[in-house]
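Notes to accompany the following structure.
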Amino acid sequence: MIGRASSAGAAPSLPCAARSAIATVVVAAAVIAGAAGCHEAPPAARPTPGPAAAELREALSARQAAVRSMNARVRATSWIGGDRLRASVLMLVTRAGQLRFEAEVSLQGTVSILATDGERFALLDLQKNQLRRGPACPANVASLIRIPLAPSEVAAILLGDVELPAGAGGGCDRVSWDGARGADVLSCSDGGGRTLLSFQEHGRDRDLVAVVREDARGARLWQTAYDDLRSVSTVRLPAVIRFAEGTASFDQGVEVKFKDVTINGPPRPEDFTLNAPPGVTVLDQPCPS
């Protein structure tokens, strides 16, 4: 019989409009769930012809010329040695390796200042009332931000790229594809080892997203990652930089998160030297033998 009611115990029929609305919600939920699980992995093989080595080397050179100095406020965290150390740091950085770091702690203000002109190093510890001075070797430069490299190498990393060793330019002659990262990898060899630079395409730009430095035997010396790139002035800079030594993971290294940053302000030479305030003990800090 047409129009006969449902048998006893069955759920009452919903109005057509309600059934249509529910169907729409179910379909939408299915689409959203499907999209959430559909993040495509980078292709194992490059889908289009890759750049020549000279193009990537030129992209690095252009970026280095465009970012000459930086004034920034960062949150720096170190997990080296198993202990987590965190501080807000004001940074002045120049491409030549001039560095000034002022570490601040909540409720205490500035607790220490590190400065180097690229040759000499000074660390003012306001809690111990001491000024340590010595050569700007990697161990001394890493006294505050724990990246034990030469000042100009530290500067390049904080500026979002890398300083290639002397003689490496002519050895940048091979490009490979990193399917896991979806990046073109430029290999630059020199007398001391090899530097691997990973570039990702971003429109017409090529973003440097990672660097690995190896010794002459192929063992990793250190690595960096440049994450969450954003436009600052006319260039793209990472909002987060990660550094790790040797075979350590980034969870055992250093993380620098940028809060505010300006680039290419004129540096003042006096910002990269420190004089002892009255009453402060001055100590020599030689490089480790």
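The values are calculated or read from the model by the stated rules, or taken from the named source; none is laboratory data. Only a predicted model underlies this, so the values are computations on that prediction, with no experimental measurement involved. Cβ sites come from the backbone with ideal geometry, for glycine too, and all protein chains shown count toward neighbours.
Considering only residues of the stretch 75-89 that are within 13 Å of Gly253 (Cβ to Cβ) and β-branched (Val, Ile, Thr), which is surrounded by the most Cβ atoms within 10 Å (Cβ to Cβ)?
Taking the candidates together, the pick is Ile80.
For the stretch 151-164, how many residues meet the condition of being touching a helix residue (DSSP H, G or I) at 6+ places or on another chain (Cβ under 6 Å) and farther than 16 Å from Ile241 by Cβ?
Residues that pass the stated criteria total 1.
Taking the stretch 243-262 as the region of interest, how many residues are out of contact with any Lys or Arg (no Cβ under 7 Å at 6 or more places or on another chain), closer than 26 Å to Arg213 by Cα and not small (Gly, Ala, Ser)? I'd like the intermediate steps shown before the answer.
Within the stretch 243-262, the first condition is being out of contact with any Lys or Arg (no Cβ under 7 Å at 6 or more places or on another chain), and the residues that meet it are 243-245, 248-249, 251-252, 256, 258, 261-262.
If we keep only those that are closer than 26 Å to Arg213 by Cα as well, we get 243-245, 248-249, 251-252, 256, 258.
Okay, now just the ones that are also not small (Gly, Ala, Ser), so 243, 245, 251-252, 256, 258.
Adding up the residues that qualify gives 6.
Among the residues of the stretch 178-213, how many are among the hydrophobic types (A, V, I, L, M, F, W, C) and over 21 Å from the mean Cα position of the chain (by Cα)? First the steps, then the outcome.
The first filter runs over the stretch 178-213 and keeps only residues among the hydrophobic types (A, V, I, L, M, F, W, C), leaving 180, 183, 185-186, 188, 196-197, 199, 208-212.
From the residues that got through so far, the ones that are over 21 Å from the mean Cα position of the chain (by Cα) too are none.
Residues in the stretch 178-213 being among the hydrophobic types (A, V, I, L, M, F, W, C) and over 21 Å from the mean Cα position of the chain (by Cα): 0 in total.
Can you name the strands (runs of 3 or more DSSP E) wholly within the stretch 230-289 that have at least 3 residues being touching a helix residue (DSSP H, G or I) at 6+ places or on another chain (Cβ under 9 Å)?
Numbers: elements: 235-245, 254-263, 281-284.
Answer list for the stretch 230-289: 235-245, 254-263.
Inspect the stretch 223-232 for any residue being among the hydroxyl-bearing types (Ser, Thr, Tyr) and crowded, with 21+ Cβ neighbours inside 10 Å and give the result as yes or no.
Just the residues of the stretch 223-232 that are among the hydroxyl-bearing types (Ser, Thr, Tyr), to begin with: 224, 226, 231.
Now narrow it down to the ones that are crowded, with 21+ Cβ neighbours inside 10 Å: 224, 226.
Scanning the stretch 223-232, I find at least one residue that is among the hydroxyl-bearing types (Ser, Thr, Tyr) and crowded, with 21+ Cβ neighbours inside 10 Å, so the answer is yes.
Which numbered condition in (1) assigned to a loop (DSSP other than H, G, I, E, B); (2) loosely packed, with under 11 Cβ neighbours inside 10 Å; (3) modelled with pLDDT of 95 or more; (4) aliphatic (A, V, I, L, M) is the only one that Ala96 fails?
Just one mismatch for Ala96, condition (2).
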